[in-house]
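The values are calculated or read from the model by the stated rules, or taken from the named source; none is laboratory data. These numbers come from a predicted model, not from an experiment. Neighbour counts are summed over all protein chains in view; Cβ atoms, including those assigned to glycine, are modelled from backbone coordinates with ideal geometry. Please note that ligands, DNA and RNA were not included when accessible areas were found on the heavy atoms of the full protein model with its side chains. Shrake-Rupley method; radii C 1.70, N 1.55, O 1.52, S 1.80 Å.
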Amino acid sequence: MQQTAAVAALCLLALPAMAHPGHGDGAGFLAGLAHPFTGIDHLLAMLGVGIWGGQQRRGLAQPATFLGMMLFGALAGMAGLTVPGLETGIAATVVLVGLAIALALAVPNWLAVGLVGIFALAHGNAHGQELPAAAAALGFMLASAILLFAGRFIGQVLAERVLRLAGVALAAAGVVLMGMN
């Protein structure tokens, strides 16, 4: 029960994302590495995607798709492509992945991979706009992989009841983030 309370408290402390265009100070590897950890929406979404995949005992298609599509979105962002409503869309990914965890949503793998890919495009686009350098991309790809696999581990080891409560907390945090945009 203490784990659930800790997860809920962290999720409800969500602050405005500072990992998006206009907030960056550097564009090197370390800036990219820190990027997914400093934007609560990115942090929660990537952990959430990992948790959902681990909860469903899926293979590696979800994290691999997330990373590949995030890189594609980042390259688009680096090239100057901006997505309207990006901040709200990113917050919505936190809500949706939280709901998927809370409901222990079991969908066909192709659908789960497709959803994760769409989520990743948005997150990647924000990363690419903020840190338009190859060294930064390497950093945020590594950090994202760490978060995805940490979430996957959490999704495989925590009790289903705890995971469902964490999903509710993630969805609630996403709603708060949407209200801040």
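Summary of packing: across the peptides 142-155, 81-94, the per-residue average of other C-beta atoms within 10 Å ranks them, highest first, as 142-155, 81-94. Just to check I understand the Karplus step: with θ = phi - 60° and J = 6.51 cos²θ - 1.76 cosθ + 1.60, what whole-Hz values come out for the stretch 113-120, glycine and proline as x? Values per residue, Gly and Pro as x: 5, x, 4, 4, x, 5, 4, 5 Hz.
The solvent-accessible area of Met180, taken with every protein chain present and a 1.4 Å probe, is close to 90 Å².
Heavy-atom surface analysis with a 1.4 Å probe gives the stretch 82-181 a carbon and sulfur content of 76 percent of its accessible area. Per residue, the chain exposes an accessible area of 45 Å² to a 1.4 Å probe, with every protein chain left in place.
So if R0 is 30 Å, what FRET efficiency would Ala134 and Asn181 give, r being the distance between their Cβ atoms, rounded to the nearest 0.05?
0.55
List the relative contact order of the chain as a percent without decimals, with contacts defined as Cα pairs under 8 Å and 6+ residues apart.
In percent, rounded to a whole number, it is 43.
Radius of gyration over Kirkwood radius for the chain, both on Cα atoms: the Rg/Rh ratio is 0.95. The phi torsions of the stretch 162-177, fed into the Karplus equation with coefficients 6.51, -1.76 and 1.60 and a -60° offset, translate into couplings of 5, 4, 5, 5, 5, x, 4, 5, 4, 4, 4, 4, x, 5, 4, 4 Hz, rounded to whole numbers, with Gly and Pro shown as x.
Find the centroid of the Cα atoms in the stretch 118-181 and in the stretch 25-77, then give the distance between the two in whole Å. Spelled out, the Cα-based centre of one part sits 5 Å from the other.
Order the peptides 126-139, 44-57 from the highest to the lowest mean number of other Cβ atoms within 10 Å of their residues.
Numbers: 126-139: 22.1, 44-57: 26.9.
The peptides rank, most packed first, as 44-57, 126-139.
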